[in-house]
Amino acid sequence: MYPFDYPTQTVFYLVLYGATLVLHVLPMNYVLAGSTYLAFLGVWEALRGPALAQRPIVEVLRDWMPFALGVTITAAVAPLLFLQILYQRPFYTANLLLFHRWMAILPVLIAAFYLLYLQKSKRWHHFSAWVRAVVSVGILCCFAFVAWSFTENHLLSTRGQEVWTEVYGSNRWFYRDPELMPRLTVWYVGAFPVLAAALIAQFWSTGFVRRDENAAPDPVTDPAIRTLAVLALGGLVASVFAGGGYFVFLEEPIRQRLTARDVWPYLAGATLGIIVQAVIWRRVWQRAWIDGRTLTFLCLAVVGAVGSATALREARRTSTIDLNQYASMHVTASIVGGLGTFLLFLFVCTGALIAVVVAVRRGLIAGSQPPIE
Ligand code: HEM
């Protein structure tokens, strides 16, 4: 089964890379889809007035987006480091050649951070609806730019040295690739089910979701929960179409790689993850309610689908870059040392993040501060 036919050290770095990339992708999806939702709502409210039914979702998003961005960026460092060990020249050299284009991500992310805090501030409601809409759309543009940059970069690094050299020599800012838009679309629409699952988990953990299925319908809670179901189901259907479209678009050797027997478990994992999510969200839509056990299954299905998609993504890259040529460098990297320190900080930092989330959640519950004002 992929990737276990590679040498042990290569497998070690591939697995660590894949696992840490999933940790980046989950909050990144929250940020990408969340900023889209806020931008859409911002424009809607500027045109049509307050959308009261959406308030609970908007309030939670405004509150948590800066934290989600912080987690996205922090969790991105580990895969970035493993990637450089794994792919060496195709990743590292290709990116150095992109220098100014690549560095543009930093000021854009800094601007996005400040705008997110502005969106969260108490002064936010003193601005006119149009100013709020422009800021929210600006935030979305920042994140769309970063997502586009990573996809552009990923594709460029798979295209071979002649292509990087040509892009660098031509002094162009952007690399146009026919695969770019179909690939970015898959990332983009796939972000919505992850966002919806994260939001319903947040609602559930702060007691916003009715604890009793048979309790009287709630005019505030129920529409918000149903909106999440619609977001998730729409995102799942769009992901299936976008994924299928991207697959048809790929060159024949890559299509063969993605349907080879050794990646079937990941195809099955992604399919199962999507089906389980769809079944759960359909029930959530009907009842405007979820219990703790179903929520756990939903979260597992999300992580399973994202993890499987991440493995397929890597199988696609290794069909164009032969990883075996770097196997001896992986062996060298594995004996340099530092594994103990790495594991120590992995556990300490993960523990610290969990502690922060638990402390904030306790504070919200103790202060009887539901996610809406
Ligand atoms: C909100 C900000 C961000 C967004 C929206 C974002 C989005 C993305 C997307 C869409 C991909 C997948 C690219 C593809 O497969 O086509 C990706 C991959 C990745 N991102 Fe992010 N990203 C963000 C921030 C960051 C930051 C700050 C870092 C680095 C510190 C980072 C590191 C990575 C890495 C290492 C990968 C894998 C690249 C590869 O395998 O070629 N991301 N990101």
- line: For segment 225-310, averaging the sequence separation of alpha carbon pairs under 8 Å that lie six or more residues apart and dividing by its residue count, the contact order in percent is 44 percent
statement: With label points set 7 Å from each Cα along the Cα-to-Cβ direction at ILE365 and ASN324, the distance between them in nm comes to 5.4 nm
With all protein chains modelled, accessible area of VAL135 [1.4 Å, Å²]: 20 Å²
query: Out of SER328, SER35, SER319, any idea which swings most in a Gaussian network model of the chain, alpha carbons joined below 10 Å?
result: SER328
message: Could you work out how much longer the chain between PHE247 and PHE145 gets when fully extended? Use 0.36 nm per residue separation minus the Cα distance between them, nm to one decimal.
response: 34.4 nm
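Where in segment 197-226 are there trypsin sites (Lys or Arg not before Pro) that are in a DSSP coil and have at most 14 other Cβ atoms within 10 angstrom of their Cβ?
On the way: sites: ARG210, ARG211, ARG226; in loops: ARG210, ARG211.
Within segment 197-226, the qualifying trypsin sites (Lys or Arg not before Pro) (loop, at most 14 other Cβ atoms within 10 Å) are ARG211.
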task: Please arrange MET65, MET1, MET103 by accessible surface area, largest first, computed with a 1.4 Å probe and ligands excluded.
output: MET1, MET103, MET65
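Given the peptides 56-62, 255-261, arrange them by the average over their residues of other C-beta atoms within 10 Å, most packed first.
Ranking the peptides 56-62, 255-261 by packing returns 56-62, 255-261.
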task: Working with all protein chains in place, sort TRP148, TRP124 by solvent-accessible area computed with a 1.4 Å probe, largest first.
output: TRP148, TRP124
Span-rule helices in the chain, defined as complete DSSP H runs reaching 24 Å or more along the axis (Cα) with Kyte mean at least -0.5: 8-48, 55-87, 129-158, 180-205, 221-249, 264-287, 292-318, 339-366
field: Environment charge at PHE247 (Cβ cut-off 14 Å; Lys +1, Arg +1, Asp -1, Glu -1)
entry: +2
- line: In the chain the accessible area split gives carbon plus sulfur, as whole percent at 1.4 Å, a share of 71 percent
The chain, accessible area per residue, ligands and nucleic acids excluded (1.4 Å, Å²): 50 Å²
VAL279 accessible area, 1.4 Å probe, all protein chains in place, Å² to nearest 10: 80 Å²
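The values are calculated or read from the model by the stated rules, or taken from the named source; none is laboratory data. On a predicted model such as this, the values are computed, not experimentally measured, just so you know. Neighbour counts are summed over all protein chains in view; Cβ atoms, including those assigned to glycine, are modelled from backbone coordinates with ideal geometry. In case anyone asks, the SASA skips ligands and DNA or RNA and just uses the protein heavy atoms, side chains included. Shrake-Rupley method; radii C 1.70, N 1.55, O 1.52, S 1.80 Å.
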